[in-house]
């Protein structure tokens, strides 16, 4: 064993997995997990804990793993995180816990994410449940949205003895975990459904098919249904488009639509009723994790797929692992390329895109070098579908129907980072609804902060 | 689960159901819609709200068989349930935000085409309850497809029924009736609300533009989530892109790009057709439809 290197994790072969929707990464088995865990230096001043948005006691859980005490390890994680099987799979560990790992200075960081996943999967397979609150405090909290932020906030409050109800707009709980992230990265019926069951086993109720802002307003939740506080974790679900000619043609999708059809509605399975067209050649515009998810989904549905991104590889906002997986599976990266028009046939269907080549100029406000068009570099690509993955903004349904709830100019709810407190008394918010589209773990961190804020507010009320 | 209390066949392909959905019934307004899903594997189907009973917690929906999912839905009986029923979605009709005294001064005409009669009804009823009697033109291909006649008669000022084939009351399109009322009978209207097939709404808008009558249409494009998330329902309205689910479903008809909307409506035609064949013919389907390789 080379102590400087990670114990490699088993994956499905690229040429096999690019044709199925089964999970790409197979995870560690017991021996592999214990071996990897023994690489941990058990630092006194553990930087990984500070690197974790929910401050999991990482050295402690890893130490339990070295001693084969997996249930103990699960309990350690459970003190800080309600969704370990999800986070072990989708957190950007390389820029968080693993990014600051001391082992990573001379060698490779500890595979903290893969170990977290192992512990969570072990707990599921061995039916270990999180611990319920000893007694209820009689106070009611409503949580809007059952994504990572809402689930975390609800879980934390339930552990403190609150009577928590989550209201979910869609027919299934999980938010972005079910409609956004594909099966091959995050299995739904096993991993996600189980994490949600765990939150429910803490006493949290989930009411689906309730669109707050339409079915009911926040004021009605407080005045008519008797909730003492509200947490808004409604995410950032509104897709952006480029505003170029031809964008309303048939065959142009937002990544949200394409992924929702495939993930939430399970259109990729023959026995589900929702259709998803199978295309020959698809361009996915954008370079984030969502773009990678859409591209790899289209690939699995039989298309030749191109990522079209206006900056270079270095600026791709997607996680390195996702880009690596996408390339292995055969996705083509057309970098420094920007679409200027969607070409449409006489029946209103996409037949191609017109693009222009870009080069990088001076850094812009984001600190990344600004892409500039190369004059005279226009070219056309023949295609039958385009998926726009340009980011999302928060849905206005809630703030437009809630008096006193203020938003900034990007439509994000204004909330204090430490507590989630908004401009409306008793109403807290966090996750993408506050920050704009970010990651699962940051939303969970905000959910924890919101739970803390609500607990302080209701304890002093 | 959302129980069906009443299921009624209005015509060969049009069905009416009362569904127990107290939260929706409590808050819905004319002009809004719901999304229904039959079971775990079903599609999310957007349908306009035809009526509601806040006390009993009932919402009335009307739908037409257009594909495999609606065909399956038509088989549901009283006592059966939908796994999901979400709403109300979309914005309420402008009417309910308008000052009642203002409304009373206005002459309003509705044009309903086919199954579009269902979403017109709650608006006319709402106006009637607030002391405003609007004229209503109901058009359909043939007598069989005229629906809610008695209900509409009870709440409309004047009800004009017309059929394309002349099998009931009069022959012609809704647009012909409106043209007649304005040009021959000297009626003046300040507002037209047209709900029906895209092609009908397009021609109503062409006519009312000519007649100088501001016109509102209700759009029912392809949708997935119905909450603004997917953008499948986007429409060109003037120089803006709008999402029917959250910005609509009602828009200024003189600004809607109907030709584009009609092209977008065709998007899943082949898939829908295939699904329909699969359902109808089951294991006996062995080619001949032009869509499969067998």
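Would you say residue A:395 is touching a strand residue (DSSP E or B) at 6+ places or on another chain (Cβ under 8 Å), more than 28 Å from residue A:448 (Cβ to Cβ) and not in a strand (DSSP E or B)?
Answer is no for this residue.
For residues that are surrounded by fewer than 22 Cβ atoms within 10 Å (Cβ to Cβ) and part of a loop (DSSP other than H, G, I, E, B), scanning just region A:277-286, find the one that is nearest to the other protein chains (Cβ to nearest Cβ).
A:277
Taking residue B:84 as meeting all but one of (1) within 20 Å of residue B:222 (Cβ to Cβ); (2) free of Cβ contacts under 8 Å to residues at least 60 places away in the same chain, write down the number of the exception.
Among (1) within 20 Å of residue B:222 (Cβ to Cβ); (2) free of Cβ contacts under 8 Å to residues at least 60 places away in the same chain, the lone unmet condition for residue B:84 is (2).
Condition (residue is closer than 20 Å to residue A:304 by Cβ and within 14 Å of another protein chain (Cβ to nearest Cβ)) applied to region A:364-379: is it met by at least one residue?
There is no residue in region A:364-379 that is closer than 20 Å to residue A:304 by Cβ and within 14 Å of another protein chain (Cβ to nearest Cβ).
Take the residues in region A:242-261 that are surrounded by fewer than 24 Cβ atoms within 10 Å (Cβ to Cβ) and facing another protein chain (nearest Cβ under 7 Å), then tell me which one is farthest from residue A:426 (Cα to Cα).
So the residue we want is A:250.
For residues that are assigned to a loop (DSSP other than H, G, I, E, B) and crowded, with 16+ Cβ neighbours inside 10 Å, scanning just region B:77-102, find the one that is farthest from the other protein chains (Cβ to nearest Cβ).
B:93
Quick check, is residue B:191 within 14 Å of chain A (Cβ to nearest Cβ) and under 20 Å from the mean Cα position of the chain (by Cα)?
When the stated conditions are applied, residue B:191 does not pass them.
Name the residues in region B:221-245 that are more than 7 Å from chain A (Cβ to nearest Cβ), crowded, with 22+ Cβ neighbours inside 10 Å and either touching a helix residue (DSSP H, G or I) at 6+ places or on another chain (Cβ under 9 Å) or outside any strand (DSSP E or B) (or both), would you?
Within region B:221-245, B:223, B:226, B:233, B:235, B:244, B:245 qualify.
Find the residue count for region B:118-146, including only residues that are within 12 Å of residue B:162 (Cβ to Cβ) and buried (at least 22 other Cβ atoms within 10 Å of the Cβ).
The qualifying residues number 7.
Report yes if residue A:438 is away from chain B (no Cβ under 14 Å) and either at pLDDT below 95 or not in a loop (DSSP other than H, G, I, E, B) (or both), otherwise no.
yes
Are there helices (runs of 4 or more DSSP H) fully within region A:56-173 with at least 2 residues that are farther than 30 Å from residue A:210 by Cα and touching a residue at least 40 places away in the same chain (Cβ under 8 Å)? List them.
So the answer is A:58-66, A:70-78, A:103-106, A:112-125.
Tell me yes or no: at least one residue of region A:207-217 is without any contact (Cβ under 8 Å) to a residue 24 or more places away in the chain, within 12 Å of chain B (Cβ to nearest Cβ) and surrounded by fewer than 18 Cβ atoms within 10 Å (Cβ to Cβ).
No: zero hits.
Is it fair to say residue A:227 is more than 23 Å from the chain's Cα centre (by Cα), more than 14 Å from chain B (Cβ to nearest Cβ) and assigned to a loop (DSSP other than H, G, I, E, B)?
yes
Just give me the residues in region B:37-62 being over 18 Å from residue B:123 (Cβ atoms) and either in a strand (DSSP E or B) or in contact (Cβ under 8 Å) with a residue 24 or more places away in the chain (or both), in sequence order.
B:37, B:38, B:39, B:40, B:42, B:43, B:44, B:45, B:56, B:57, B:58
Let me spell it out: the conditions are (1) within 14 Å of chain A (Cβ to nearest Cβ); (2) over 19 Å from residue B:89 (Cβ atoms), and residue B:253 meets all of them except one. Which number is the exception?
Going through (1) within 14 Å of chain A (Cβ to nearest Cβ); (2) over 19 Å from residue B:89 (Cβ atoms) one by one, residue B:253 breaks only (1).
Among the numbered criteria (1) touching a residue at least 40 places away in the same chain (Cβ under 8 Å); (2) away from chain B (no Cβ under 13 Å); (3) surrounded by fewer than 20 Cβ atoms within 10 Å (Cβ to Cβ), which single criterion is violated by residue A:198?
Status for residue A:198: all satisfied but (3).
Scan region B:191-212 residue by residue and report those that are touching a residue at least 12 places away in the same chain (Cβ under 8 Å) and out of contact with any helix residue (DSSP H, G or I) (no Cβ under 8 Å at 6 or more places or on another chain).
Within region B:191-212, B:191, B:209 qualify.
Hey, does region B:259-282 have a residue that's under 17 Å from the mean Cα position of the chain (by Cα) and either at the interface with chain A (Cβ under 9 Å from one of its Cβ atoms) or modelled with pLDDT of 90 or more (or both)?
Yes: region B:259-282 contains one or more residues that are under 17 Å from the mean Cα position of the chain (by Cα) and either at the interface with chain A (Cβ under 9 Å from one of its Cβ atoms) or modelled with pLDDT of 90 or more (or both).
Return the residues of region A:287-315 that are in a loop (DSSP other than H, G, I, E, B) and within 14 Å of chain B (Cβ to nearest Cβ); say none if nothing qualifies.
The one that is in a loop (DSSP other than H, G, I, E, B) and within 14 Å of chain B (Cβ to nearest Cβ): A:301.
The values are calculated or read from the model by the stated rules, or taken from the named source; none is laboratory data. Note that the coordinates shown come from a computational prediction; the quantities given were computed from them, not determined experimentally. Cβ: placed from backbone, ideal geometry, glycine included. Neighbour counts: every protein chain shown.
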